[in-house]
Amino acid sequence: MIRVGEINRLEVLKQTDFGLFLNAQDFGTTMLPKKYAPDNVEIGDLLDVFLYFDSDSQLVATTQKPVAQVGQWGLMKIEGVNSTGAFASWGIDKKDLLIPFSEQRARFRVGQDVLVFVYTDKASGRIVGTTKFNKWLDNTPANYTKNQQVDLIIAERSELGYKAIVNGEHWGMIFSSDVFGKLFIGKRLKGYIKSVREDGKIDLSLQKVGTAK
């Protein structure tokens, strides 16, 4: 099954002077421009390519890797702002990621680095970004145990410390008293569950509980 907005493994069907035609299954064929094609490719080879829609809603393939695929978070720089929203550097040539105004918690400025979640808008079918993370987090119970190691993405600075995304699924808090080393928005690191409160809120630590700093 083809997953637009993600890396897929597609078969090479045809070679031309300007690129490769790949089997995109239900989407028919899609072209990988020559400049992104690896050397010594043969008909029938399987290539890992990122798929997205261009401005004309045509399916495009590239071997460039985006900052974040659909369903992932990534730190991106705002490249432009217009009446539609903000456009963030996605890591793909000539293709920035739209963050609609309705998906911004605050208005952005050009050059600003922001943490973005990438998703497919069901109404339009477009791949877009959002900084409104609440609807994507805490949708399942926080079934963690004390001192369990987890993957963290630093998402926000607050008066209490840093809010972090836990295993891509939940909000957690690293209180200022538990912070050591340099933390910044978008940083990915390992952490530990300090506690899960009765209300489901998660307290985090950067080292196992009971370990001296």
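The values are calculated or read from the model by the stated rules, or taken from the named source; none is laboratory data. All of these numbers come straight from a predicted model, not from anything done at the bench. Quick reminder, even Gly has a Cβ in these numbers, built from the backbone with ideal geometry, and neighbours come from all protein chains shown. Calculation scope for accessible area: heavy atoms of the full protein, side chains included, ligands and nucleic acids excluded. Shrake-Rupley method; radii C 1.70, N 1.55, O 1.52, S 1.80 Å.
Scanning the stretch 156-167 for residues that are open to solvent by less than 30 Å² (accessible area, probe 1.4 Å) and touching a Phe, Trp or Tyr at 6+ places or on another chain (Cβ under 7 Å), we see that the one that is modelled with the highest pLDDT is I165. Screening V67 against (1) crowded, with 17+ Cβ neighbours inside 10 Å; (2) more than 30 Å from F18 (Cβ to Cβ) leaves a single unmet condition, (2).
Of all residues in the stretch 196-206, those that are open to solvent by 30 Å² or more (accessible area, probe 1.4 Å) and touching a Phe, Trp or Tyr at 6+ places or on another chain (Cβ under 9 Å) total 2. Checking each residue in the stretch 33-57 for being touching a residue at least 12 places away in the same chain (Cβ under 8 Å), open to solvent by 30 Å² or more (accessible area, probe 1.4 Å) and not basic (K, R) picks out P33, Y36, P38, E42, I43, G44, D45, L46, D48, F53, D54. Residues in the stretch 160-173: is at least one touching a Lys or Arg at 6+ places or on another chain (Cβ under 8 Å), more than 20 Å from K135 (Cα to Cα) and not hydroxyl-bearing (S, T, Y)? No, the stretch 160-173 contains no residue that is touching a Lys or Arg at 6+ places or on another chain (Cβ under 8 Å), more than 20 Å from K135 (Cα to Cα) and not hydroxyl-bearing (S, T, Y).
Exactly one residue out of T16, T63, T84 is among the hydroxyl-bearing types (S, T, Y) and at pLDDT 95 or above, and it is T63. Just one residue in the set I78, I92, I185, I127 is within 17 Å of the chain's Cα centre (by Cα), more than 27 Å from G210 (Cβ to Cβ) and open to solvent by 40 Å² or more (accessible area, probe 1.4 Å); that residue is I185. Within the stretch 11-23, is even one residue of a type outside the set (V, I, T), outside any strand (DSSP E or B) and open to solvent by less than 70 Å² (accessible area, probe 1.4 Å)? No, that holds for no residue.
Of all the residues in the stretch 121-145, those that are farther than 21 Å from G186 by Cα and out of contact with any Ser or Thr (no Cβ under 8 Å at 6 or more places or on another chain) number 12.
The strands (runs of 3 or more DSSP E) falling completely within the stretch 24-75 that include 1 or more residues that are farther than 28 Å from V114 by Cβ and in contact with a strand residue (DSSP E or B) (Cβ under 6 Å, 6 or more places away or on another chain) map to 29-33, 46-53.
Screening the stretch 112-124 for residues that are outside any loop (DSSP other than H, G, I, E, B) and out of contact with any Pro (no Cβ under 9 Å at 6 or more places or on another chain) and picking the one that is surrounded by the most Cβ atoms within 10 Å (Cβ to Cβ) gives V116.
In the stretch 183-197, the residues that are assigned to a loop (DSSP other than H, G, I, E, B) reach residues that are buried (at least 16 other Cβ atoms within 10 Å of the Cβ) and modelled with pLDDT of 95 or more with C-beta atoms within less than 6 angstrom, at least six apart or across chains, in these pairs: L183/I154; L183/Y162; I185/L115; I185/I154; G186/L75; G186/L115; K187/I154.
Right, D138: modelled with pLDDT under 95, open to solvent by less than 30 Å² (accessible area, probe 1.4 Å) and over 30 Å from K35 (Cα atoms) or not? Considered against the rule, which asks whether it is modelled with pLDDT under 95, open to solvent by less than 30 Å² (accessible area, probe 1.4 Å) and over 30 Å from K35 (Cα atoms), D138 comes out as no.
One line per residue, one yes/no per condition, for (1) among the hydrophobic types (A, V, I, L, M, F, W, C); (2) over 22 Å from the mean Cα position of the chain (by Cα); (3) within 21 Å of R197 (Cβ to Cβ):
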| residue | (1), (2), (3) |
| --- | --- |
| T131 | no, no, no |
| N139 | no, no, yes |
| Q149 | no, no, yes |
| L152 | yes, no, yes |
| S158 | no, yes, yes |
| M173 | yes, no, yes |
| D178 | no, yes, yes |
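Entry remark, the stretch 87-111: residues being in a strand (DSSP E or B) and touching a residue at least 24 places away in the same chain (Cβ under 8 Å) number 9 in total.
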